[in-house]
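What follows is one structure encoded as structure tokens, with my remarks underneath.
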Amino acid sequence: RRRSAIDRRTTRHPGYTVSQRVRKRIEEVFGWAKSAGGLHQVHHRGLNRVGAQVTLAATTYNLIRLPKLIGGAA
């Protein structure tokens, strides 16, 4: 049986539940970037090149999400 290290004093607040949902969405972005976005291992040296690789992965993720966001708004 698993138990959380965070006790009921923290988890009883509605903000904690919202925070956990938002955290899951953020972690999904990093998981995608590592698995499909090519960031599991950096292929370049230097801050500028690594930054460009991260920017490219983030842009790609946004383009993948775009149809869902547009479809949800309509």
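The values are calculated or read from the model by the stated rules, or taken from the named source; none is laboratory data. Just so you know, these numbers come straight off a predicted model, no measurement behind them. So basically every Cβ, Gly included, is an ideal-geometry build from the backbone, and we count neighbours across all protein chains shown. For the accessible areas, the whole protein counts, side chains as well, though only heavy atoms, and no ligand, DNA or RNA atoms are used. Shrake-Rupley method; radii C 1.70, N 1.55, O 1.52, S 1.80 Å.
On the beta carbon distance between Val42 and Thr17, with R0 = 25 Å, the FRET formula returns roughly 0.10. With only the Cα atoms considered, the chain has a convex hull volume of 176 Å³ per residue.
Highest average first, the peptides 50-56, 13-19 ordered by how many other beta carbon atoms sit within 10 Å of their residues are 50-56, 13-19.
The residues of the chain present an accessible area of 92 Å² per residue when probed at 1.4 Å with all protein chains retained.
Of the trypsin sites (Lys or Arg not before Pro) found in region 1-35, the ones in coil according to DSSP and having at most 10 other Cβ atoms within 10 Å of their Cβ are Arg1, Arg2, Arg3, Arg12. Positive-end ranking of Trp32, Thr55, Pro14 along the dipole of the chain, with charges on Cβ about the Cα centre, is headed by Pro14. Taking the longest Cα principal axis of the chain as reference, the axis of helix 14-35 is set at about 30 degrees. Apolar share of the accessible surface for the chain: 57 percent from carbon plus sulfur atoms, 1.4 Å probe. Over all other residues within a Cβ to Cβ distance under 12 Å of Trp32, the charged ones net out to +1, with Lys and Arg as +1 and Asp and Glu as -1.
By the helix-only formula, in which each DSSP H run with n ≥ 4 contributes -39500 (n - 2.57) and the sum is divided by residues, the chain has a 222 nm mean residue ellipticity of -24000 deg cm²/dmol. Tell me the angle of helix 47-73 to the major Cα principal axis of the chain, expressed in degrees between 0 and 90 and rounded to the nearest ten. Compared with the principal axis, the helix lies near 60 degrees.
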